[in-house]
Every structure is written in C-alpha cells, then in structure tokens.
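Working notes, structure below.
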Amino acid sequence: DLFTLITGRGGIGPESTAHNIAMFNSSTATGQERWLDRNSVYMNRVDAEALGARDGDTVTLSNALGSLQVPMSVSATIPERHLYLSFHPDKHGTHPNILTASDRLDPYTWQPLLKDTQVVVKLGEGT
C-alpha cells in the first residue's frame, strides 16, 4: 500500500522545538550538536495499527529512489494514509531526501514537490 510522505522542517511536538530551531540555515548558526539523534516518521494511529506497528518500532520507507529505516511515532495530527518526516539529516546518518525527486517541479515556483512523495511502508528493517 502506498502512503503519501510529507517532508518538512523538524519534528512534531514540544520536545522538538530546540531541534527545529537548529535546522534553519543548515545549522550554520547553531551547529549540528542540536540535530536530532534520530528522525522519526509520524503516522496516524489507524495506519500504525493496520501495519502492526507500535510507537518506537522501526519501519522501512521505500520507493523507486531508495529506502531508509526510521523509528515510527504515532501522531493524532497526521491524516490517514499520510506520513510526516523531517527533511533534515540526523546524527544517525538518515538522509530523508533520498526518497524525494527533484525533477518534479512546481510550475510557478520551480520548487521540488517535496510534499507529495509516494512510499511503501513495511514494519521492521529491510526492503
């Protein structure tokens, strides 16, 4: 089953505030020491239950461009069949943008369509 992966700046929730501030200007003002240790992908509770995933379980996100493994966090703010993941790297070495295509551009702003990436989600590590 395909999910729509939405990427954005930083994590969700009050515990992410300090980390989110560090993400501006590629951390040139704050340094990488304030990066998250590990990015989490946020998923709706209904989808997590259907997958058999619990908060903190590792999931694999994959598409034709690549795959990555990240912990999953349940979030009431994420719509069903959607995921949210920071587009910034973490201290663990996760680079979320390997899943997003830069050749699909908005025709008006010429920005990559980073909010509309289709991925398959599997419980556990591996593809």
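The values are calculated or read from the model by the stated rules, or taken from the named source; none is laboratory data. Computed from a prediction, not measured in an experiment: that's the story for all the values here. When we count neighbours, we look across all protein chains shown, and the Cβ atoms used for this are built from the backbone with ideal geometry, even at glycine. Note: accessible area is taken over every heavy atom of the protein model, side chains too, but ligands, DNA and RNA are not part of it. Shrake-Rupley method; radii C 1.70, N 1.55, O 1.52, S 1.80 Å.
A few notes on this one:
- Restriction of the chymotrypsin sites (Phe, Trp or Tyr not before Pro) in the range 51-127 to DSSP coil positions whose beta-carbon has at most 11 other beta-carbons within 10 angstrom yields Tyr108, Trp110.
- Under the Karplus curve 6.51 cos²θ - 1.76 cosθ + 1.60, θ = phi - 60°, whole-Hz ³J(HN,Hα) for the range 53-62, x wherever Gly or Pro sits: 9, 10, 3, x, 5, 7, 10, 10, 9, 8
- A Förster radius of 22 Å, combined with the Cβ-Cβ distance separating Lys91 from Glu125, puts the computed FRET efficiency at roughly 0.75.
- Close amide-amide hydrogen proximity is noted between Asp57 and Met72, each under 5 Å apart and 5 or more residues distant or on a separate chain (H modeled in the peptide plane; Pro and chain starts excluded).
- In the context of the full set of protein chains, residues of the range 72-112 present 60 Å² of accessible surface per residue (probe radius 1.4 Å, heavy atoms only).
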